[in-house]
Structures are given as C-alpha cells and as structure tokens.
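One structure is given below, encoded as structure tokens.
The values are calculated or read from the model by the stated rules, or taken from the named source; none is laboratory data. Quick caveat: nothing in here was measured; it's all calculated off a predicted structure. Please note: Cβ atoms are built from the backbone with ideal geometry, for glycine as well, and neighbour counts cover all protein chains shown. Areas reflect the complete protein model, heavy atoms only, side chains present, ligands, DNA and RNA absent. Shrake-Rupley method; radii C 1.70, N 1.55, O 1.52, S 1.80 Å.
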Amino acid sequence: MKKSILILFVFVGFALSAQNTKVEVLKEFLKGTIQLDAGNIDLGQPIFTINELAASKADKVADLTKENVAEVLAEAKNYSTCIITVGVHTIVKITDFEDCSPSGAWGACMPMGKGYIQKAGVLSEVNDYLKNIIGRPGSQERKVFLFK
C-alpha cells in the first residue's frame, strides 16, 4: 500500500514538473511579447490561453486564409513580432521573412519560423518553413498576431 502511494506521488510530481517545463518553454518563446505565468495559463491547453492573451495584447489580429496569406505576410514585415497559431495545438513565430519557400497550396512564399506543436500533451519544437508548420489551408482556425 505504501509503495502504491509513493508511486502515485512520484507520478503526480513528474506530471506537474512536465507541465511547469511546458510553461517555462512557452514563457521563453514569447518573451518580450506576451507575459505568461503559471497562474494565467491553462496547463492542459496552453496555446488556447496564448490565443486569448495574444488577442488582447497584439497591435493587430487577423485570420490567416489562402485568400489573404500574401497580404498578411507582407504587412507582418512592418511589425517586430508575428505569431501564428493553428487551433489550440500549434504556435509559430516568424524568424526570417527573407528566407522563404514557395507554397503551391498557399499560393505564397512562406517564411521561416520557429514554433511548437502540442501532441498528446507534449510540446515538440519545430524550425521550418511556415508551410510545413501550419499545414495546408483548410478549415482549421489560423490566427495571426502582430506586435510592434
């Protein structure tokens, strides 16, 4: 019985540690743009919380669609930070507008970005062209947050 309780405490401690690590990773990723702390973030779905915070802090917010991608990315060059989220599972920051890769699906040259994709509660870091991080145009909600 004591071993079962000890194992339960170790498991709960490990799970809480992993959640706190997720918050730390996202805090560092958004440093200087959005202020995150464990008290204002949903540990199960942190990108959902970031969407809400970014919407209230961004200088401009837009939906990203195949029809407006070229103009949104052109406008984003005038801002210091461009963050894009896909649903509640992906967040990406554009890192280099000049290094871009043409996308037939999007009909635009997609810049380099760095971000995180959450699968099964785990954040996986990605560094790639935007088209490879946010996927093909479709019904998923894609939000663009621009910060001066």
(message) All but one of (1) at pLDDT 95 or above; (2) part of a strand (DSSP E or B); (3) under 13 Å from the mean Cα position of the chain (by Cα) hold for Ile133; state the number of the condition that does not hold.
(response) (2)
(request) For segment 19-66, enumerate the residues that are without any contact (Cβ under 8 Å) to a residue 24 or more places away in the chain and of a type in the set (Asp, Glu). (result) Glu24, Glu28, Asp37, Asp42, Glu52
(request) State whether one or more residues within segment 27-36 are on the phi > 0 side of the Ramachandran plot, surrounded by fewer than 18 Cβ atoms within 10 Å (Cβ to Cβ), of a type outside the set (D, E, K, R) and modelled with pLDDT under 95. (result) yes
(request) State whether the residues of segment 6-25 include one that is surrounded by 15 or more Cβ atoms within 10 Å (Cβ to Cβ), outside any helix (DSSP H, G or I) and modelled with pLDDT of 80 or more. (result) no
(request) Give the residues of segment 37-58 that are in a helix (DSSP H, G or I), among the hydrophobic types (A, V, I, L, M, F, W, C) and either at positive phi or open to solvent by less than 70 Å² (accessible area, probe 1.4 Å) (or both), sorted by residue number. (result) Ala38, Ile47, Ile50, Leu53, Ala54, Ala55
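Here's the yes/no breakdown for (1) over 19 Å from Glu28 (Cβ atoms); (2) surrounded by 17 or more Cβ atoms within 10 Å (Cβ to Cβ); (3) of a type in the set (Asp, Glu):
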position	(1), (2), (3)
Lys60	yes, no, no
Thr65	yes, no, no
Glu71	yes, no, yes
Cys82	no, yes, no
Thr85	no, yes, no
Thr90	no, yes, no
Glu98	yes, no, yes
Pro102	yes, no, no
